[in-house]
Amino acid sequence: VTLHLNPISSVHIHQKPLVFLLNSPLPLVWKLKTERLAPGVRRVFFVSLGSVVRFEKGNFSLSAEKEEKVFPEKNEHLLQWAQKEYGAVTSFTELKVSRNIYIKVGE
């Protein structure tokens, strides 16, 4: 699955930390394609067991962290866990089948 990350239109370059929980019942290769995200900013990608994150060429991977994690099984529990762990959830998306996911990040 390719995850496309771009800032919202009102933000020229996104410069804030981000945390992503990438959960799947089957192990996946998550391919990251990014545009206009500032280098050197902390971005964390938690993936379900057996999954991996691959970054496109560039220095984005130098400031990104990847970690496998056991997530709660049901989406409601995952959302509650994320809210408890991080204090807020700004976006939650559930897809049954997808090759590309487009996410706008920003204020």
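The values are calculated or read from the model by the stated rules, or taken from the named source; none is laboratory data. Note that the coordinates shown come from a computational prediction; the quantities given were computed from them, not determined experimentally. Using ideal geometry, Cβ is built from the backbone for each residue, glycine included, and neighbour counts are taken over all protein chains shown. Ligands, DNA and RNA are stripped out before the accessible areas are found, and what is left, the full protein with its side chains, is counted by its heavy atoms. Shrake-Rupley method; radii C 1.70, N 1.55, O 1.52, S 1.80 Å.
Listing for the model above:
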quantity	calculated
Antiparallel %, DSSP beta bridges [both residues in the chain], to 5	0
Residue-level accessible surface for residue 68, protein heavy atoms, 1.4 Å, Å²	100
Mean Cα-pair separation over length for the chain, i.e. relative contact order, pairs under 8 Å, 6 or more apart, %	34
Estimated 222 nm signal from helices in the chain, with DSSP H stretches of n ≥ 4 weighted -39500 (n - 2.57), rounded to 500	-4000 deg cm²/dmol
Within a Gaussian network of the chain (alpha carbon springs, distance under 10 Å), most fluctuating of 32, 22, 78	78
Where 79, 62, 18, 49 fall by accessible area, highest first, once all protein chains stay in place (1.4 Å)	62, 49, 79, 18
Candidate lysines for bridging to residue 31, where Cα separation is under 19 Å - those fewer than 8 sequence places away on the same chain excluded	57, 66, 69, 96, 104
Degrees, to the nearest 10: 75-86 long Cα axis against longest axis of the chain	50
Within the chain, longest stretch clear of exposed trypsin sites (Lys or Arg not before Pro) (DSSP loop, no more than 11 other Cβ within 10 Å)	1-41
Gain on full stretching of the segment that runs from residue 91 to residue 26 - 0.36 nm per residue minus C-alpha separation	21.2 nm
5 angstrom amide H check on residue 53, placed H, neighbours 5+ away	30
In order through the stretch 22-35: 3J(HN,Hα) via Karplus (6.51 cos²θ - 1.76 cosθ + 1.60), integer Hz, x for Gly, Pro	10, 10, 8, x, 10, x, 10, 9, 9, 9, 9, 10, 10, 9
Residues with amide H under 5 Å from that of residue 18, placed H, sequence gap 5 or more	43, 44
Potential lengthening between residue 61 and residue 98 on full extension [0.36 nm per residue; Cα-Cα distance subtracted]	11.0 nm
Estimated translational D of the chain in µm²/s (Stokes, Kirkwood radius over Cα pairs; 37 °C; 0.692 mPa s)	227
